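Structure first, then comments.
The values are calculated or read from the model by the stated rules, or taken from the named source; none is laboratory data. Predicted model, so just to flag it, every value in this text is computed and none were measured. Glycine gets a Cβ as well: all are built from the backbone with ideal geometry, and neighbour counts include every protein chain shown.
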Amino acid sequence: MTGILGGAFDPPHVGHVALADAAERELGLERVVVVVVADPGHKDVHAAAETRLELARGAFPGCEVALDRHARTVDMLRECRWEDPVFLIGADEYLDFPNWKEPADVLRLARLGVATRPGYALPAERPDRVLFFELEPLPVSSREIRALVARGDPIDSLVPPAVAETIARLGLYRG
């Protein structure tokens, strides 16, 4: 199985890394591919796609990291072919999954690997193309990190060291 962790990664943080690590361990993934969405259709980004790709490479040094030119997951899955793909998401994203573009096709093209955590009541029905694994909650978000950087506050405990170094070196998120 190949785990696919997609996102804007603006910037990537320890929660993203923990999700990838837990999925690899709990689901027995052979590898994890990190896919940086160049132009997400559902959110604004604050750093250029190539910069976010560099940040993701720093956050996930043992993983393949690629840039995705598709705005929606289903379009990426249609074009890219991985052996037995499992698209990794958090419980919050799973609750919104019925609103994704063509969710039935997403499930046809890949299984979902859903990180469960306290505070998110998941439906009792468990579809057979959805795998659940536990994730210790980490109270961190990319939005929070950008705000801390803009104020000049430290982020060292919230991002991998290579990410903190790249943010500082490039002067990202300074406002």
| said: Out of everything in the range 130-168 that is within 24 Å of Tyr94 (Cβ to Cβ) and surrounded by fewer than 13 Cβ atoms within 10 Å (Cβ to Cβ), what residue ends up being nearest to the chain's Cα centre (by Cα)? | reply: Ser141
| field | Residue count, the range 13-50 (criterion: assigned to a loop (DSSP other than H, G, I, E, B) and of a type in the set (Asp, Glu)) | value | 3
| query | What are the residues in the range 63-111 that are under 17 Å from Ala18 (Cα atoms), touching a helix residue (DSSP H, G or I) at 6+ places or on another chain (Cβ under 9 Å) and either surrounded by fewer than 19 Cβ atoms within 10 Å (Cβ to Cβ) or of a type outside the set (Val, Ile, Thr) (or both), if any? | reply | Cys63, Phe87, Leu88, Gly90
| said: Name the residue that is modelled with the highest pLDDT, counting only residues in the range 55-69 that are in contact with a strand residue (DSSP E or B) (Cβ under 9 Å, 6 or more places away or on another chain) and part of a loop (DSSP other than H, G, I, E, B). | reply: Phe60
| query | Does Ala124 meet the test of being without any contact (Cβ under 8 Å) to a residue 24 or more places away in the chain, part of a helix (DSSP H, G or I), out of contact with any Lys or Arg (no Cβ under 7 Å at 6 or more places or on another chain) and of a type in the set (A, V, I, L, M, F, W, C)? | reply | no
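Can we say Phe87 is touching a strand residue (DSSP E or B) at 6+ places or on another chain (Cβ under 6 Å) and either at pLDDT 95 or above or not in a loop (DSSP other than H, G, I, E, B) (or both)?
yes
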| Exactly one of (1) in a loop (DSSP other than H, G, I, E, B); (2) of a type in the set (D, E, K, R); (3) within 25 Å of Gly41 (Cα to Cα); (4) within 18 Å of the chain's Cα centre (by Cα) is unmet by Arg81. Its number? | (4)
| note | Of (1) of a type outside the set (Val, Ile, Thr); (2) farther than 19 Å from Asp92 by Cβ; (3) out of contact with any Phe, Trp or Tyr (no Cβ under 8 Å at 6 or more places or on another chain), Ala56 satisfies every one except (3)
| note | Exactly one of Val14, Val37 is touching a Pro at 6+ places or on another chain (Cβ under 8 Å) and either over 20 Å from Pro161 (Cα atoms) or surrounded by fewer than 20 Cβ atoms within 10 Å (Cβ to Cβ) (or both), and that residue is Val14
| query | Just wondering, is there one or more residues in the range 104-112 that are closer than 17 Å to Gly6 by Cα and in a strand (DSSP E or B)? | reply | yes
| request: Might you let me know whether the range 129-146 holds any residue that is touching a Ser or Thr at 6+ places or on another chain (Cβ under 8 Å), at pLDDT 95 or above and within 30 Å of Glu165 (Cα to Cα)? | output: no
| Is one or more of the residues making up the range 7-27 under 20 Å from Arg81 (Cα atoms), charged (D, E, K, R) and within 15 Å of the chain's Cα centre (by Cα)? | yes
| query | Ala59 is checked against (1) surrounded by fewer than 21 Cβ atoms within 10 Å (Cβ to Cβ); (2) of a type in the set (Gly, Ala, Ser); (3) within 15 Å of the chain's Cα centre (by Cα) and fails just one. What number does that condition carry? | reply | (1)
